[in-house]
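**Student:** Below is a structure I'd like to ask you about.
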Amino acid sequence: MIKTAMIGLGAIGERLLDKFRSHEDIQLAAICEQNEEKVAAFRSRLPEVSFYTDYKEMLNEPFDLVYIGVPPKFHHDIALYAMEKGIHVICEKPLANSLEEAEEMAAAAKKAGVVNAINFPLMYSKAVYTLKEKAANGEIGELKRVELKIHHAKWPRPWQENAWIGGREQGGFIREISPHYIQLMHDVLGELKNVEANVQYPEDEALCETGVIASMELADGTPVLVDGLSGIGQEDHVLFKLYGEKGTLSLVNWGTLEQGTAASPSEEIQPLTDAPSVDLISETVKAIKGQDSKIVTFEDGLRVQEILEQLLGKGTKVHN
Ligand SMILES: NC(=O)c1ccc[n+]([C@@H]2O[C@H](COP(=O)([O-])OP(=O)(O)OC[C@H]3O[C@@H](n4cnc5c(N)ncnc54)[C@H](O)[C@@H]3O)[C@@H](O)[C@H]2O)c1
């Protein structure tokens, strides 16, 4: 059994809790959560789990795997602490809260030689598998343009209202949403380059961005447009779209795949029947067992962070 600890039972940690508990190779032995009320609520539900409010105290016990589901600015210190103890790590995205932190995390993971994975659920999506296959087998012809639209009526979204997500220090939809799609583009279309971003911020310097208009390029120069906006009279709309000379492929609101041509409007299509049923936890378990697996590593997360920081308008350093 893989003795596992979770750190952070927030909106996303809670979502993963039962997935860890139900995996046959995982023994969820401990949870660290700073919020005492949450600890009290979960303690009675999970009598077999030890609860902590201090992760260092928890990690005095031996663990094989730790999941880090805390806000972005705490990923770095906790991940380094765990990896130095030789513990395999699953970290939430974005990998870090700065390029420097991400570089240190990728280097520390390499040095520790532990399995290091980031939670990018789109990498396990059947719709994304299908989009990738169809783009690769020429169904939309030569790719002319890629578009990422992140439109939110309100930011933060109602399901994720917490102290940090609307703040400039570590929140905002650029940090929260775009890493998923940067990773998706790296996986499906290759590395991105030449980021130019114009970010709109409110006057209050504590608050996150309200808009971004950015362009990037794929390796062959194909343009990628990024259009992010919040606080608009429109329902939430997150769109990732490939425009090809023969047709289009779109991922709409994360999970719906659409295909269109000049002759037929973009319509929902079903994932390919051979799309594999995979998920982050099962793939991480495979990696720990030394089997072939699909995980997004800290090295991959560093590449995402490089583009993310440029989208936020923070310098132009490019990985080489
Ligand atoms: N992969 C995804 O699809 C996805 C979706 C949403 C959020 N996220 C990411 O997950 C992370 C957490 O986001 P969230 O929305 O769950 O945040 P949240 O604020 O709801 O939850 C974070 C939890 O961590 C706890 N915490 C903070 N510091 C701690 C510490 N040192 N020790 C123990 N507990 C601590 C807080 O009390 C809180 O309960 C962020 O990095 C976010 O970007 C990922």
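The values are calculated or read from the model by the stated rules, or taken from the named source; none is laboratory data. Just so you know, these numbers come straight off a predicted model, no measurement behind them. Note that each Cβ is placed from the backbone with ideal geometry, even for glycine, and that neighbours are counted across all protein chains shown. To get the accessible areas, we keep the full protein, side chains included, count just its heavy atoms, and leave off ligands, DNA and RNA. Shrake-Rupley method; radii C 1.70, N 1.55, O 1.52, S 1.80 Å.
**Student:** Name the residue that is farthest from Arg175 (Cα to Cα), counting only residues in region 68-89 that are near the ligand (Cβ under 10 Å from one of its atoms) and open to solvent by less than 20 Å² (accessible area, probe 1.4 Å).
**Tutor:** Ile78
**Student:** Among what's in region 153-185 and is closer than 30 Å to Thr261 by Cβ and within 16 Å of the ligand (Cβ to nearest atom), pick the residue that is surrounded by the fewest Cβ atoms within 10 Å (Cβ to Cβ). So that I can check it myself, show each step before the final result.
**Tutor:** Filtering region 153-185 down to residues closer than 30 Å to Thr261 by Cβ leaves 177-178, 180-185.
Adding the requirement that they be within 16 Å of the ligand (Cβ to nearest atom) leaves 177-178, 180-184.
Values: Ile177: 18, Ser178: 24, His180: 22, Tyr181: 25, Ile182: 26, Gln183: 23, Leu184: 21.
Per the criteria, the residue is Ile177.
**Student:** Search region 21-30 for residues being of a type in the set (A, V, I, L, M, F, W, C) and without any contact (Cβ under 8 Å) to a residue 40 or more places away in the chain, and hand back the single one that is nearest to the ligand (Cβ to nearest atom). It would help to see each step written out before you state the result.
**Tutor:** Taking region 21-30 first, the residues of a type in the set (A, V, I, L, M, F, W, C) are 26, 28-30.
Right, trim to without any contact (Cβ under 8 Å) to a residue 40 or more places away in the chain and you get 28-30.
Values: Leu28: 15, Ala29: 16, Ala30: 11 Å.
So the residue we want is Ala30.
**Student:** When you scan region 68-94, how many residues do you find that are more than 17 Å from Glu176 (Cα to Cα) and assigned to a loop (DSSP other than H, G, I, E, B)?
**Tutor:** 3
**Student:** Just to verify a result, which residue in region 51-67, among those that are part of a loop (DSSP other than H, G, I, E, B) and more than 8 Å from the ligand (Cβ to nearest atom), is nearest to Glu169 (Cα to Cα)? First the steps, then the outcome.
**Tutor:** Initially, region 51-67 is screened for residues part of a loop (DSSP other than H, G, I, E, B), giving 53-54, 59-64.
Those still in the list that are more than 8 Å from the ligand (Cβ to nearest atom) too: 59-64.
Values: Leu59: 28, Asn60: 31, Glu61: 32, Pro62: 33, Phe63: 31, Asp64: 32 Å.
In this case the residue turns out to be Leu59.
**Student:** Test of understanding: among Glu217, Glu209, which residue is at negative phi, in the same structural domain as Lys132 (by TED's automatic domain parsing) and surrounded by fewer than 20 Cβ atoms within 10 Å (Cβ to Cβ)? Give the derivation first.
**Tutor:** Numbers: Glu209 fails: surrounded by fewer than 20 Cβ atoms within 10 Å (Cβ to Cβ).
Exactly one residue qualifies, and that residue is Glu217.
**Student:** Another question, if that's okay. Which members of region 223-253 meet the condition of being over 18 Å from Leu308 (Cα atoms) and either of a type in the set (Asp, Glu) or open to solvent by less than 10 Å² (accessible area, probe 1.4 Å) (or both)?
**Tutor:** Glu235, Asp236, Leu242, Glu245, Gly247, Leu249, Ser250, Leu251, listed by residue number.
**Student:** Taking the condition of being within 14 Å of the ligand (Cβ to nearest atom), open to solvent by 10 Å² or more (accessible area, probe 1.4 Å) and assigned to a strand (DSSP E or B), how many residues in region 1-20 meet it?
**Tutor:** 0
**Student:** Out of all the residues in region 111-119, is one or more within 25 Å of Leu239 (Cα to Cα), out of contact with any Pro (no Cβ under 9 Å at 6 or more places or on another chain) and either part of a helix (DSSP H, G or I) or near the ligand (Cβ under 9 Å from one of its atoms) (or both)? Step through it out loud before you land on a result.
**Tutor:** Step one: of region 111-119, the residues within 25 Å of Leu239 (Cα to Cα) are 118-119.
Going one step further and asking which of them are out of contact with any Pro (no Cβ under 9 Å at 6 or more places or on another chain), we end up with 119.
Subset that is either part of a helix (DSSP H, G or I) or near the ligand (Cβ under 9 Å from one of its atoms) (or both): 119.
The answer is yes, given that some residue of region 111-119 is within 25 Å of Leu239 (Cα to Cα), out of contact with any Pro (no Cβ under 9 Å at 6 or more places or on another chain) and either part of a helix (DSSP H, G or I) or near the ligand (Cβ under 9 Å from one of its atoms) (or both).
**Student:** Ile177 - would you say it is in contact with a helix residue (DSSP H, G or I) (Cβ under 8 Å, 6 or more places away or on another chain), among the aliphatic types (A, V, I, L, M) and part of a helix (DSSP H, G or I)?
**Tutor:** Values: in contact with a helix residue (DSSP H, G or I) (Cβ under 8 Å, 6 or more places away or on another chain): no; among the aliphatic types (A, V, I, L, M): yes; part of a helix (DSSP H, G or I): yes.
Against the criterion (in contact with a helix residue (DSSP H, G or I) (Cβ under 8 Å, 6 or more places away or on another chain), among the aliphatic types (A, V, I, L, M) and part of a helix (DSSP H, G or I)), Ile177 does not qualify.
**Student:** Same structure, new question: List the pairs whose first member sits in region 45-61 and is of a type in the set (S, T, N, Q), whose second member is more than 15 Å from the ligand (Cβ to nearest atom), and whose Cβ atoms are under 6 Å apart, counting only residues at least 6 apart or on separate chains?
**Tutor:** Filtered contacts from region 45-61: no entries.
**Student:** Now, a different point. Of all the residues that make up region 220-269, how many are in contact (Cβ under 8 Å) with a residue 24 or more places away in the chain and among the acidic types (Asp, Glu)? Explain how you work it out, then say what you get.
**Tutor:** To start, the set of residues in region 220-269 that are in contact (Cβ under 8 Å) with a residue 24 or more places away in the chain comprises 222-249, 251, 254-257, 259, 269.
Narrowing further to those that are among the acidic types (Asp, Glu): 227, 235-236, 245.
Going through region 220-269 one residue at a time, the tally reaches 4.
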